[in-house]
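*Asks:* Have a look at this one.
The values are calculated or read from the model by the stated rules, or taken from the named source; none is laboratory data. On a predicted model such as this, the values are computed, not experimentally measured, just so you know. Virtual Cβ from ideal backbone geometry, glycine too; neighbours counted across all protein chains shown.
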Amino acid sequence: MKQTLPPTEEMIARLIASPSVSCVHADLDMSNRGVIDLIANWTESLGFETQIQTINEDKFNLIATTGQGDEGLVLSGHTDTVPCDETLWQTDPYQLSKKQDRLYGLGSCDMKSFLALALSASESFDFKRLAKPLTLVATADEESTMCGAKLIADNGKKLGRYCVIGEPTNLKPIRQHKGVLSLSIQFAGQSGHASDPTLGNSALEGMHEFITELLKYREGIQQQYHDPAFSIPTPTMNLGHIHGGDNSNRICGACELLIDIRYLPNMSIASLRADIEEIAESVSSRRQLIGQCRMLGEGLPAMDTAQASEIAEYLSYATGKTAGSVAFGTEAPYFNRMQTETIVIGPGSINQAHQPDEYLPIGQIEPTITLLKNLIHKFCLSP
């Protein structure tokens, strides 16, 4: 028998009060099981068939579905937050605080609140009347490894024809974002006394030559690739970290450079990596260095949902805002990989995400619930 959910703000408060930080540093990383259990209880009370996926002993996804088939709507959000420094907050980050027209708390904007709003929107429907399935998804570790969305995509089961991911976009539909590729390039040479260059082979000088070639390559891809849909319309490459040698009187025996590439949807991780490996191999061969190029993590695919997709067109009509692009990454590429047309849209601003005193404007709660109800009616009730 269908039961009544707690009020929306109470659900948000309980989700925030269940810490679920994800971080690549083990001492800061937490399990998200508490959040998953809350959502599981609420979805089951509404009549969803709820599955909890185990990723590892600490990380879990939730997939809750009502209705049959694979042509319906997916509403998805991640359950984790970034770490925070509590001393920089004016309120307790793990307790919902209501001040004037804002709800404060870690995850209020990015993005635990969306999961509560999706539940509130679902509550008003008679699931027996659904012509197509409605699925709620809550994922693990979006802020670090993306292991939750990757597992869902790797399983290969299509969850729906359309998907909305409720990242904070101030309720503007988003259909594109850049991909991310991070690389480490290492050169090993031979150390020696600085007084005689013939005693060694400087990895640092080799890296200098490599960087010169790399910047020429960056200029080339920025001339070749351009997409005016993005505020920064070209791919970017940041030389973020370099370290080599240990003292001024020793020839540098080893040097490492870390770079970050934000690439456009019509570009490829594989080709970018191959190009940079070729440049590194050319330099290391000329200078008789040992070179190594490796990826840091798996990289994030770019998001590119067609402007002409039905959900993009509908949300552009419903919001009065043309589906656009953002600079930050999301789980959308993994849903698109399952042939699911995905749009990112949610309450709050990315400017409040990952900041002390993160907040959600209260004035965006009811418009979001109304928008989600309209989506469910459009894509699950309509024959």
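*Asks:* When only residues in segment 313-344 that are in a loop (DSSP other than H, G, I, E, B) and small (G, A, S) count, which is surrounded by the most Cβ atoms within 10 Å (Cβ to Cβ)? Talk me through it step by step, then tell me what you get.
*Replies:* Taking segment 313-344 as the starting set, the residues that turn out to be in a loop (DSSP other than H, G, I, E, B) are 320-323, 327-331, 337-340.
Pick out the ones that are also small (G, A, S) and you get 320, 323, 327, 329.
On the way: G320: 7, A323: 24, A327: 12, G329: 19.
Out of the qualifying residues, it is A323.
*Asks:* Report yes if some residue within segment 83-92 is surrounded by fewer than 18 Cβ atoms within 10 Å (Cβ to Cβ), touching a residue at least 40 places away in the same chain (Cβ under 8 Å) and of a type in the set (D, E); otherwise report no.
*Replies:* Yes, because at least one residue in segment 83-92 is surrounded by fewer than 18 Cβ atoms within 10 Å (Cβ to Cβ), touching a residue at least 40 places away in the same chain (Cβ under 8 Å) and of a type in the set (D, E).
*Asks:* Still on this structure: I'm trying to understand the selection: among the residues of segment 29-55, which are over 19 Å from the mean Cα position of the chain (by Cα) and either touching a residue at least 40 places away in the same chain (Cβ under 8 Å) or not assigned by TED's automatic domain parsing to the domain that holds A353 (or both)?
*Replies:* Listed by number, the residues that qualify are I39, W42, T43, S45, L46, G47, F48, Q53.
*Asks:* Quick one: would you say E71 is surrounded by fewer than 14 Cβ atoms within 10 Å (Cβ to Cβ) and acidic (D, E)?
*Replies:* On the way: surrounded by fewer than 14 Cβ atoms within 10 Å (Cβ to Cβ): no; acidic (D, E): yes.
Against the criterion (surrounded by fewer than 14 Cβ atoms within 10 Å (Cβ to Cβ) and acidic (D, E)), E71 does not qualify.
*Asks:* Across segment 232-249, which residue is farthest from the chain's Cα centre (by Cα) among those that are farther than 18 Å from L296 by Cα and surrounded by 15 or more Cβ atoms within 10 Å (Cβ to Cβ)?
*Replies:* If we take residues in segment 232-249 being farther than 18 Å from L296 by Cα and surrounded by 15 or more Cβ atoms within 10 Å (Cβ to Cβ), then G245 is farthest from the chain's Cα centre (by Cα).
*Asks:* Let me ask something else. Which of the residues that make up segment 213-231 are without any contact (Cβ under 8 Å) to a residue 60 or more places away in the chain and surrounded by fewer than 17 Cβ atoms within 10 Å (Cβ to Cβ)?
*Replies:* L215, K216, E219, G220, Q222, Q223, Q224, Y225, H226, P228
*Asks:* Among K112, K128, which is at pLDDT below 95 and not aromatic (F, W, Y)?
*Replies:* K128
*Asks:* I would also like to ask the following. If you go through segment 56-64 one residue at a time, do you hit one that is farther than 24 Å from G348 by Cα, surrounded by fewer than 14 Cβ atoms within 10 Å (Cβ to Cβ) and modelled with pLDDT of 95 or more?
*Replies:* yes
*Asks:* Still on this structure, please answer the following. Report the residue count in segment 19-43 for those that are assigned to a loop (DSSP other than H, G, I, E, B), buried (at least 21 other Cβ atoms within 10 Å of the Cβ) and out of contact with any strand residue (DSSP E or B) (no Cβ under 7 Å at 6 or more places or on another chain). I'd like the intermediate steps shown before the answer.
*Replies:* From segment 19-43, those assigned to a loop (DSSP other than H, G, I, E, B) are 19-20, 22-32; that's our starting set.
When the remaining residues are screened for being buried (at least 21 other Cβ atoms within 10 Å of the Cβ), the result is 20, 22, 32.
If we keep only those that are out of contact with any strand residue (DSSP E or B) (no Cβ under 7 Å at 6 or more places or on another chain) as well, we get 22.
Of the residues in that region, 1 qualify.
*Asks:* Now a separate question. Looking only at segment 270-289, how many residues end up being more than 34 Å from the chain's Cα centre (by Cα) and buried (at least 18 other Cβ atoms within 10 Å of the Cβ)? So that I can check it myself, show each step before the final result.
*Replies:* Pass one, segment 270-289, residues more than 34 Å from the chain's Cα centre (by Cα): 282-289.
When the remaining residues are screened for being buried (at least 18 other Cβ atoms within 10 Å of the Cβ), the result is 283-284, 287, 289.
The total comes to 4.
One line per residue, one yes/no per condition, for (1) in the same structural domain as H208 (by TED's automatic domain parsing); (2) more than 24 Å from T145 (Cβ to Cβ); (3) at pLDDT below 95:
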site	(1), (2), (3)
M237	yes, no, no
L258	yes, no, no
A280	yes, yes, no
Q307	no, yes, yes
Y314	no, yes, no
A318	no, yes, no
Q339	no, no, yes
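*Asks:* Out of segment 211-229, which residues are hydrophobic (A, V, I, L, M, F, W, C) and either at pLDDT 95 or above or part of a strand (DSSP E or B) (or both)?
*Replies:* Residues satisfying the conditions are I211, L214, L215, I221.
*Asks:* Restricting to segment 267-282, name every residue that is under 20 Å from T236 (Cβ atoms) and either outside any helix (DSSP H, G or I) or not polar (S, T, N, Q) (or both). If you could, list the steps in order and put the result at the bottom.
*Replies:* Here is the first cut: in segment 267-282, the ones under 20 Å from T236 (Cβ atoms) are 267-277, 279-280.
Passing the criteria: M267, S268, I269, A270, L272, R273, A274, D275, I276, E277, I279, A280.
*Asks:* If you don't mind, there's one more thing I want to ask. Kindly list, by first and then second residue, each pair from a residue in segment 134-150 that is closer than 27 Å to G47 by Cα and in contact (Cβ under 8 Å) with a residue 12 or more places away in the chain to a residue that is among the aromatic types (F, W, Y) and in a loop (DSSP other than H, G, I, E, B), limited to pairs with Cβ atoms under 9 Å and residues at least 6 apart or on different chains.
*Replies:* Going by the 9 Å Cβ cut-off, the qualifying pairs are L134/F48; L134/F125; T135/F48; L136/F48.
*Asks:* Could I ask something else about it? Tally the residues that are in contact with a helix residue (DSSP H, G or I) (Cβ under 6 Å, 6 or more places away or on another chain) and either among the β-branched types (V, I, T) or in a helix (DSSP H, G or I) (or both), restricting the search to segment 283-304.
*Replies:* Of the residues in segment 283-304, 1 are in contact with a helix residue (DSSP H, G or I) (Cβ under 6 Å, 6 or more places away or on another chain) and either among the β-branched types (V, I, T) or in a helix (DSSP H, G or I) (or both).
*Asks:* Counting only residues that are assigned to a loop (DSSP other than H, G, I, E, B) and in contact with a His (Cβ under 9 Å, 6 or more places away or on another chain), how many does segment 236-263 have?
*Replies:* Of the residues in segment 236-263, 2 are assigned to a loop (DSSP other than H, G, I, E, B) and in contact with a His (Cβ under 9 Å, 6 or more places away or on another chain).
*Asks:* Return the total of residues in segment 195-212 being charged (D, E, K, R) and either free of Cβ contacts under 8 Å to residues at least 12 places away in the same chain or loosely packed, with under 15 Cβ neighbours inside 10 Å (or both). Before the answer, list the steps.
*Replies:* To start, the set of residues in segment 195-212 that are charged (D, E, K, R) comprises 196, 205, 209.
Subsequent filtering for residues that are either free of Cβ contacts under 8 Å to residues at least 12 places away in the same chain or loosely packed, with under 15 Cβ neighbours inside 10 Å (or both) retains 196.
Count: 1.
*Asks:* Consider segment 332-377. How many of its residues are among the β-branched types (V, I, T) and farther than 17 Å from S113 by Cβ?
*Replies:* Residues meeting the conditions: 4.
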